[in-house]
Each structure stands twice: as C-alpha cells, then as structure tokens.
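Just so you know, all these numbers are worked out from the coordinates, no wet-lab data involved. As the structure is a prediction and not an experimental result, all values here were calculated from the model. So basically every Cβ, Gly included, is an ideal-geometry build from the backbone, and we count neighbours across all protein chains shown.
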Amino acid sequence: MRIFKGIAASEGMVKGKALVFRRASMAAERRHIFADGIASELKALAKALGEARLTIEEHSHSQLNSESRQILEAHLLMLEDPEYRNQIETYIRTNLVSAQWAIEEVSEQYASMLAQSGDELLAGRADDIRDVSLYLLDAARGRRQEIELRLDEDVVLVADSLMPSELFALDKKRILALVLDGGGRASHVAILVRAFNIPAVIATGRASHSINDGDEVIVDGNWGEVYVRADFTAAQLLDERYARWQEHEAELQQMVNLETQMLDGARVDLYANIQGPVEVDGVLASGASGIGLFRSEFLFMESASLPTEEQQYQAYKAALERMAPKAVTIRTLDIGGDKIVEELGIDEKNPILGWRAVRFCLSRKDIFTTQLRALLRASMHGNLKIMFPMISGLEELNAVLHLFEHVKEECRLEGILFDEKIEVGTMIEVPSAALCADILAKRVDFFSIGTNDLIQYTIAVDRGNEKIAYLYQPFHPGVLRSIKMIVDKAHAEGIVVSLCGEMASDPLCSVLLAGLGLDELSMGVQSLLQVRKILRSVSSEEARTLAEEVLSMDSYQTIHTYIREWMHDRFDHFTTI
C-alpha cells in the first residue's frame, strides 16, 4: 500500500481503477523553410488561430459556471492578442521555421517569463499560455484539441499535469476522481474540477510515477489523500470515513429548507454570492435566503465588447425572476484592480489603489448610467437591491446617489417603470468608510462589508503577493475591531449589515461573525449548508461571549488558536475545519 498526501482541491471520496496519463511534449513539427515558404506558414498560422478560436468557443457554450467561462474567455483574449501573433509571425520570418515551431518557441518564452516572474498570479498564467499553444498546435497539425487518452470506462485519472483544454476534451462523466502531481487550489484545473464536481487531490508529488494502470485507488478529496492498493485495515478505516462523510452530507441536505435560527431564536440570514444568472439554480437548491452579491462586473469581463443596456437588463431580469420573491443584491460595476476589461483602458502601476469601482464609474458616467438604467428596468421583475462598491467617503456616496436620482428622473420622463422604493446600499471595504460608517449609514438602506478588500487595505497587504501572504489575516485584531465598529454604527442608525467576503464562507469564522452582530452573511453556495448547521447549533449569547473574548486579545495568532479550539470542542463531530 502507498499513501500520497496533497491538496484537497475538490470534495468527495471515490474508489476506482487508475488510468495514468503523462502529458506528452507538444511535439511540434520543427521544420526549416526557405524564404519563399514564409507566406505559406503565415497562412497556416492564420488558419490555426481561427480554428483554435472555434474550439474554445465551442467549449464556452457548454453548461459551465461563470468561473469556468472566465478561464475560456482568458484563453480567447490570449489567442486574440496581436502582440502574441506578431511575435510568432516575426519568429517565422526571422528564423525561417515552420508555424508549429514558432508557436512552440514563442509560447514557451512567454510561459517561462511568467513562471519566473516571482509573482504568484503571473506565474499561474504560464499554464494558460501553454494551454493556448496546445489549441494552436493541434489546429496547425490539422486536428481538433484532444489528448491521446480514451475513457472507455469509469476511472480515477492520475496525471503528471493536465491543462484545462485537455480536461475539456475528456468525457467528464467517466472521470470518478482526479489525482495530479502538481498544481494549486487556485489553478484553473482545480477550479474546473470543482465546477464539474469531480473529487480531486493535487500537488501529490510523483503519484503518476508510482501508480500503474488498473491499480485500485481511493481518493479522498476532503482530506487530500490518495491510497493505492490499500490493505485490509486501511480499506476498513477509509470505508468508515466514507460512511461518516456520506452521513455528514445527508445531514447538510436536511438544512436546505430550514431557517438559520440559533438555539435562542436569533436569526442570521444566509445569502449566496454569484457572478451571473446561470448560477441561480444552485442558489435555489442551497436554500439561501437570496442573493447577497451579484458581481455584475463579470457581465463585462465575459463579453467581447461592453454589454449594452438591453443585454444587462436581460441578465439582471433573469436572476430576479428566478429568485422572486427573494432579494437579489446587485453590486454595480466593480472593475479595475485585479479585474480588467480591456475595452475600458485601465492600465495603472498600482491598480489596487487606483482607478477602480465607483471611482471609474463616476468618471465614465456613460457606462455607469447605462448600467443604472438596466438595473432600474429590471427592478420591476423581482426584489432588487443595489449596492455601490469601494465608497471611501460621503462625497463619493453623494455623487453616486445624485447620479442615480438623475437616471431615475430620466426614466420617469421616458415612461420607464421601475421600483420607486428600491433599496440602495454601500459596500464597506476601505478603512475610511469604516471610520465614517455612522455618516454613511444616514444615506443608505444597508451596508455590506467586503472583507476581501477591507483586510488588505486595513493591514496594507496585497492579497495576491505570495511574499507577504502570511500577513493577510482575517483574525487580525484591527480587522475584527473594524467589523464590530461598522456593525455598531450601522445598527445605531437602524440599518442592516451583511458581510460578503471570503470570511463568510469560512465555517471557522461563522460563530464569531454572528457574535460580532452581523445580520446577514453572503457566501459561495458550497459553504452555505455547513455554516447554517453550525449557527443552528449555538445560541446568540454563546456567539456574543466568543466575540467579546476575541476582541480582548492582542494578536491574530492567539485569536486563531482560540477560535479553532473553541470550534473543535463543539463541532468536531461534523466538520473538518
């Protein structure tokens, strides 16, 4: 028996026969040409670019969630990058080589540069470049994207590496689980296997070199373990673990139609975060109280051009009608920072502190008013709430509200019906807004705390920088005290406070957040039932006492240890936190 430990990338436990795949080299045709052959190779490149685009677009028409479609959109953008094409053409002319050779060389140069950049996000894009080159090379060779692998039966796929394009080309229904030698939880393959609900363990080291075709493999995507040819004792233990996991999943399913009511009757409503209407079915299946964050910027990021008022209206309308009468809170365009739309021309040295979100919208009122009109029109089809991102103070909020009232008046003059009582709120995600929460609360109907940005701005740590990732701490006393201050100031003005950052999705944070006084938590649907079960198992008094204890502590390490022990004492029987 052998055991491989890695990263739990996608939940689930599976037993099955292994099929080992080691991705072969691109095997480009390395052929020298004469000068009179350049035109022919440039023509071959142009044809390959067109066919590769068609293949990616076909994949994008599959039933995928927004995150998966973003990956394909990113690949299309790379494929259409004129600089990428120009570099390949130049390589053909300068070195007198075949199109395939040029594609391989230029792509690897780009990929190597990104991999060695020292930036985690850029390094993660190296595989995207290589993946796009695979589409191109297959098109140049005259065949559609596919790997030399046939899935005639259900298998546990074990691979040294796997590109998103290769996963798309496979019959996902035949893949019981996936085991990869490398990768990270945020890699595109990891994102896709979660979208396809395939249990996965990645970063196992050299599992593909030790596992043989036909070996019986048990993959535990909850704990990040892979068992090969398990002996009797291990198999028994794993069967027991699997039975406990199934029991846990069954218990969570019983939470779907229940309210998130604590033992003493206090409520914390749980909402879902989405990126587009396609995710609404999952929200309804989870029993969420509504949608607490509809990230409207993905309508812009997924489109080849800026979405029109009608296109936006139809997307918002679709979500509102499906969710009615439950509330749908749509965040206005939060572009910039790490979310780029090429058509908008945002290119800055320090984008996280730059021209983004409301700052961008107030300077591009043409784009902003189009979105506001679409939202107002859609408000007639359900329970819509609108919130504005990255408000830093009263001046910005007043400017946004003034423009919103102007758009309302335009709609009235044009006879366009909308909900005259539509609620508006602001996200609290920068320290200045937190400190002025009492002032802002007088002008809006609700707050939504965006902890992803609030944490990085409060601690001054770029959450995408691996060198200082250890400083990005949700349990930092400054962060927790900020949340408590925001909640208290909002409640003093009689408005509701939600939290929609990653903290809401973390079961370890759930009781603490309830104790800090949050009225609502909005999260990914995969976490919702777990959080509901936890909150239904404690009283609001217990939660408040926990929060009081934590707020008196002086370091995130002390707080993290205390909360972990507190949670394990109470919930170890049904959670793996």
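Using the Karplus relation 6.51 cos²θ - 1.76 cosθ + 1.60 with θ = phi - 60°, the per-residue 3J(HN,Hα) values for the stretch 371-378 come to 5, 4, 4, 4, 5, 4, 4, 5 Hz, with x marking Gly and Pro.
Give me the dipole magnitude in Debye, nearest 20, for the stretch 148-238 about the Cα centre, with unit charges on the beta carbon: positive for Lys and Arg, negative for Asp and Glu.
Values: 8 positive and 14 negative charges, 80 e Å.
Roughly 380 debye for the stretch 148-238.
Beta bridges assigned by DSSP with both partners in the chain are antiparallel in approximately 30 percent of cases.
Given 0.36 nm per residue, what is the gain on full extension from Thr308 to Glu541 after removing their alpha carbon distance, in nm?
On the way: separation 233, 0.36 × 233 = 83.88 nm, distance 4.92 nm.
That pair, Thr308 and Glu541, stretches by 79.0 nm at full extension.
When the Cα positions of Met427, Val132, Leu529 are compared along the charge dipole of the chain, Val132 comes out farthest toward the positive end, with charges on each C-beta of Lys, Arg, Asp and Glu. Fully extending the segment from Arg481 to Ile33 would add 154.5 nm, taking 0.36 nm per residue of separation and subtracting the current Cα-Cα distance. Cβ-to-Cβ counts within 10 Å put Glu216, Glu153, Glu520 in ascending order as Glu153, Glu216, Glu520, the fewest first.
Between Ser10 and Ala200, the built amide H atoms are under 5 Å apart, and every one of these is 5 or more places off in sequence or on another chain.
So, with +1 on the Cβ of K and R and -1 on the Cβ of D and E, and no other charges, what is the size of the charge dipole of the chain about its Cα centre, to the nearest 20 debye? Working shown, then result.
On the way: 60 positive and 88 negative charges, 49 e Å.
Dipole magnitude for the chain comes out near 240 debye.
A cut-off of 5 Å between modelled amide H atoms, ignoring neighbours fewer than 5 places along the same chain, links Glu423 with Ile386. The DSSP beta bridges internal to the stretch 258-571 are antiparallel in roughly 5% of cases. Spin-label model, Ala492/Ala46: points 7 Å from Cα along the beta carbon direction are separated by 6.8 nm.
With R₀ set to 51 Å, the beta-carbon distance separating Ala243 from Glu409 gives a calculated FRET efficiency near 0.25.
Each of Gln275, Thr561, Leu19 was scored by the projection of its Cα onto the charge dipole of the chain, and the greatest displacement toward the positive side belongs to Leu19; charges sit on the C-beta of Lys, Arg, Asp and Glu. Remark: the stretch 206-214, residue by residue, has Karplus-estimated 3J(HN,Hα) of 10, 4, 5, 8, 10, 9, 10, 3, x Hz, where x stands for each Gly or Pro and the curve is 6.51 cos²θ - 1.76 cosθ + 1.60 at θ = phi - 60°. Other residues whose C-beta falls under 10 angstrom from the C-beta of Lys17 contribute a net charge of -4, scoring Lys and Arg +1 and Asp and Glu -1. For the listed residue pairs Lys317/Lys385; Lys385/Lys408; Lys173/Lys326; Lys365/Lys408; Lys17/Lys173; Lys317/Lys533, the alpha carbons are over 24 angstrom apart in Lys173/Lys326; Lys317/Lys533. Taking the fewest neighbouring Cβ atoms within 10 Å as the starting point, the ordered list for Asp181, Asp419, Asp220 is Asp419, Asp181, Asp220. Scanning residues 5 or more positions from Leu499 or on other chains, those with amide H under 5 Å from its amide H are Ile449, Glu520, Leu521, Ser522, with H placed 1.01 Å from N in the peptide plane. Couplings 3J(HN,Hα) of the stretch 453-461, computed from phi: 7, 4, 5, 5, 6, 5, 8, 6, 10 Hz, in residue order, whole Hz [Karplus 6.51 cos²θ - 1.76 cosθ + 1.60, θ = phi - 60°; x for Gly and Pro]. In terms of other Cβ atoms within 10 Å, Trp223, Trp245 run from fewest to most in the order Trp223, Trp245. For His568 and Ile416, a Förster radius of 51 Å and the Cβ-Cβ distance give a FRET efficiency of 0.40, rounded to the nearest 0.05.
Our estimate of slack between Met113 and Arg93, defined as 0.36 nm per intervening residue step minus the Cα-Cα distance, is 5.0 nm. Taken along the Cα-to-beta-carbon direction at a fixed 7 Å, the label points for Ser363 and Arg229 span 6.4 nm. Rounded to the nearest 0.05, what FRET efficiency do Glu153 and Glu251 give with R0 = 25 Å and r taken as the Cβ-Cβ distance? Could you check? The pair Glu153/Glu251 has a calculated efficiency of 0.15.
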